[in-house]
1. Quick check on Gly333: is it open to solvent by 10 Å² or more (accessible area, probe 1.4 Å) and of a type in the set (Gly, Ala, Ser)?
2. Looking only at the range 159-167, decide whether some residue is surrounded by 15 or more Cβ atoms within 10 Å (Cβ to Cβ), among the basic types (Lys, Arg), touching a residue at least 24 places away in the same chain (Cβ under 8 Å) and more than 28 Å from Glu58 (Cβ to Cβ).
3. Give just the number: which of (1) assigned to a loop (DSSP other than H, G, I, E, B); (2) among the small types (Gly, Ala, Ser); (3) more than 27 Å from Lys134 (Cβ to Cβ) does Gly438 not satisfy?
4. Can you name every residue in the range 361-409 that is of a type in the set (A, V, I, L, M, F, W, C) and under 19 Å from Cys185 (Cα atoms)?
5. Would you say Gly302 is modelled with pLDDT of 95 or more and within 24 Å of Val172 (Cα to Cα)?
6. For the list (1) part of a loop (DSSP other than H, G, I, E, B); (2) open to solvent by less than 20 Å² (accessible area, probe 1.4 Å); (3) acidic (Asp, Glu), I need the number of the one condition that Asp286 fails.
7. So, of the residues in the range 194-234 that are β-branched (Val, Ile, Thr), in a loop (DSSP other than H, G, I, E, B) and in contact with a helix residue (DSSP H, G or I) (Cβ under 9 Å, 6 or more places away or on another chain), which turns out to be modelled with the lowest pLDDT?
8. Looking only at the range 150-172, decide whether some residue is over 21 Å from the mean Cα position of the chain (by Cα), of a type in the set (Val, Ile, Thr) and part of a loop (DSSP other than H, G, I, E, B).
Amino acid sequence: MKRTTISLLAASAALAAITGFATLTAPGKDGSPAPSAAPARLPVERSSLLCPAPGASEAAETAYTSFTPAGGTAAPKSEGDGTGGATAELRPSVSTLADGDDTAKAGKKGEPEGKETPEGEGTKEQGKPVLSLKEPGKPAAAEASGADAPALLGTATGRFAPGWTAQQTTKVTAGAGRGLLGVSCTAPDTDFWLPGASTGEERRDYVHLTNPDETAAVVDIELYGEEGLLKSTLSEGIPVPAGTSVPVLLSTLTAERAVDVTVHVTTRSGRVGAVVRAADENTGSDWLSASADPSATAVLPGIPKDAVSVRLVAFAPGESDAELRIQLAGPDGLITPAGNESLHVKSGMTASIDLQNVTRGEAGSLVVSPAEGRPATPVVAALRVVRGKGDKQEIAFIPATAPVGERAAVADNRAKGSTLSLTAPGAAAKVRVTASAGTEGGSETVKTYDVKGGTTLSVTPPVPSGLKGTYALTLETESGGPVHAARMLELPEDGIPMFTVQTLPYDEGTVAVPEAKQDLSVLDD
């Protein structure tokens, strides 16, 4: 057979194959795209977390806990490597600017010291892991003391990446910044909204900017009060060097003193983690994490039953004002607080309302939505919550949070002092809660909760059997409507009801990966 004949036959066969494929992928008769399968959701292969520098006090005692839920990706194991090459590590930042200082410190003195447990690793040597996970489903812990502990930069890969979370809990027993400060270490991003901060005379608030990357980030900070954007200096083009953390005192950015401020952090280049450490000279201190993305409806779960003061702070970032309806989701349903039914938020301005002891002895969650007949205007929001009496008061913050979704987790739970709040603002839902093994021993425990629509269920979470150390909680929505969740941790000290609240949004453990195909529909023309 001649080569020209072979070429013609090959060309004919190829054309037939192409035409057949084009027929399978061609548009419908009405010109609409051919139906395609929904994108597959696959576990993420890499996660990043950033923990801010914890202390401004030599009396600070900090606990770190790292955790990945069981059931993530299974990476092939290498010889002599029980992790298959996958890791989940928290390392010290290259340098940390101490509050009030204008020079960088190497961070060697006071770096976190690892607990000598099978699950945790620690080191005082700069750059080496402070904390490493050994296996999914079992948390690891480390500790640090004093004011010089650095910010931590974390990366998880392979089977440790899906759902990886880390908690930083600091207890300060004396001084103006005394209190229990808790924060779920944040993922790097380019845009953060933090309502609930302050430049008031009684407050000393720092926004901590942490850069995980190998190149410098450039950050802008905008402060919004009740009259709009505050006049500020030195708030644009703030450099955050590679691998470092920089705390910025908000009151140094403006001469205006505002009780309630919304902080907007954006990057011109690079990525950062952003979180505010708020300290009140009368009510202690805690971390203020970023609000969920602007939305017409905001859910703020986990108000303790004995709160003596609850203050809602909201901001409308768009061009339209927002008229908000305020409801409390308690154990028996949604109610409207008498005298505090609504809040008007002008565009570009921060608005607040003091709800006082809105829970009246029953734990609840705040649900903020458009007032009847008013347009759905996106807002960001947070609560400032106070417990205790007289000079024995303590402060915490609850930002608006996204639903639990498929799964969410929170680390550093104790045998006593943890309270879990589950809120179903719409339809009823069923939630599966798994208590992991402890950092030093114990076995997993699972319990399922039914949450009625429009209510908040406040429970003491399950505790692992034979618990030693601390443990993690993993939440999964099994059925029903969206569920919003928060965990309160209490560690009383000298009559002060020290506490902190962390929300549990979806852990972003999976990512949609659409199936890619060659489009040859043009052959039909």
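The values are calculated or read from the model by the stated rules, or taken from the named source; none is laboratory data. Computed from a predicted structure; not experimentally measured. No Cβ is skipped: glycine too gets one built from the backbone with ideal geometry, and neighbour counts run over all protein chains shown. Heads up: the accessible areas ignore ligands, DNA and RNA and are worked out on the full protein's heavy atoms, side chains in. Shrake-Rupley method; radii C 1.70, N 1.55, O 1.52, S 1.80 Å.
1. Against the criterion (open to solvent by 10 Å² or more (accessible area, probe 1.4 Å) and of a type in the set (Gly, Ala, Ser)), Gly333 qualifies.
2. The answer is yes, given that some residue of the range 159-167 is surrounded by 15 or more Cβ atoms within 10 Å (Cβ to Cβ), among the basic types (Lys, Arg), touching a residue at least 24 places away in the same chain (Cβ under 8 Å) and more than 28 Å from Glu58 (Cβ to Cβ).
3. That leaves (3) as the condition not met.
4. Passing the criteria: Ala382, Ala396, Phe397, Ile398, Ala400, Ala402, Val404, Ala408, Ala409.
5. So Gly302 fits the description; yes.
6. (1)
7. Thr233
8. So far as the range 150-172 goes, no, none of its residues is over 21 Å from the mean Cα position of the chain (by Cα), of a type in the set (Val, Ile, Thr) and part of a loop (DSSP other than H, G, I, E, B).
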